[in-house]
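Inspection log for the structure reproduced underneath, given as structure tokens.
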Amino acid sequence: MIRHECPHPYHQTRRRRAIENSIWPAVLVLLVLFFFLGRFSVRSVTEYQAENQRLDASLIEMAQKNKELLKQMDIVESSKIIDEQARNKSRRALTELHDKISDLKQQLAFYQRVVAPETLVKGLYINGFEVKALDRASAYEYQLVLAQGASQKKVMKGRYALSVTGELRGEEKTLSLKELSMDDLSNNNYSFRYYELLVGEIRLPDGFLPKKATIIIKPSNKENKTIQQSWSWSEVVLIQ
């Protein structure tokens, strides 16, 4: 059925007013919605900006803490390096000190033997004899200590001789200080009032197996007797 619309102006005006009256409430509702939406949007932007500022502040704080931690790590690493260097230096110093103490102990023991009460005898005597292996092949340093009794006041003079007996190519052989010495043989003299340390270097021939060392002391004064003393090589030699 086709709806009939009255063409009369009165009826047209009423219809238009009814439409207008129904639009205004809708427009009003839309305005209210837009208002609240606008406020919500503004509040969201403000909160976002505030949150962004808080994040920026946190980022700056974390960057500062990271910088401080890196600085602390550098300090710790530097301290480790310094501590390691100090430890190495201390170890070297302790090693050197230990070596010096060992040398001093040897010297002290040596001189204690010289002045020991049991060695206070009359006349000339051999206080000690040692042979020390050197770094060079078949090379040795010998130390001979001569002394005289404490009651003796005169100077003792004379010469000494050293010989080493061993085996060379299956035969027994005795080598004199002249054959063994690496020093000037004019130095095998002695002259002292209380005691004297005589030091020299010798070299054994290749293939020579030493078995015995012999020292002969020949005083210049005929009143003093010649002294001869022998030791097995293993008894006097010191291996470093």
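Counting other Cβ atoms within 10 Å, keep those with at most 15, restrict to DSSP loop, and tell me which trypsin sites (Lys or Arg not before Pro) in the stretch 136-182 are left. Filter output for the stretch 136-182: Arg136, Lys153, Lys154, Arg169.
If one computes P(r) from the Cα atoms of the stretch 121-238, what percent of pairs lie at distances over 26 Å? Percentage above 26 Å: 22.
For the stretch 135-180, build the convex hull from the C-alpha positions and give me its volume per residue in Å³.
120 Å³
Placing +1 on the Cβ of every Lys and Arg and -1 on the Cβ of every Asp and Glu, with nothing else charged, gives the stretch 121-238 a dipole about its Cα centre of roughly 720 debye.
Other residues with beta-carbon under 12 Å from the beta-carbon of Asp83 carry, at +1 per Lys or Arg and -1 per Asp or Glu, a net charge of +1. Based on Cα contacts under 8 Å between residues 6+ apart, the stretch 121-238 shows a relative contact order of 31 percent.
Extension gain, Lys222 to Val76: 0.36 nm times the residue separation minus the Cα-Cα distance gives 44.8 nm.
Any read-out appearing in this document is the output of simple, stated calculations on the displayed coordinates, not a laboratory observation. These figures come from a predicted structure and were not determined experimentally. Heads up, the Cβs are rebuilt from the backbone with ideal geometry, glycines too, and the neighbour counts pull from every protein chain shown.
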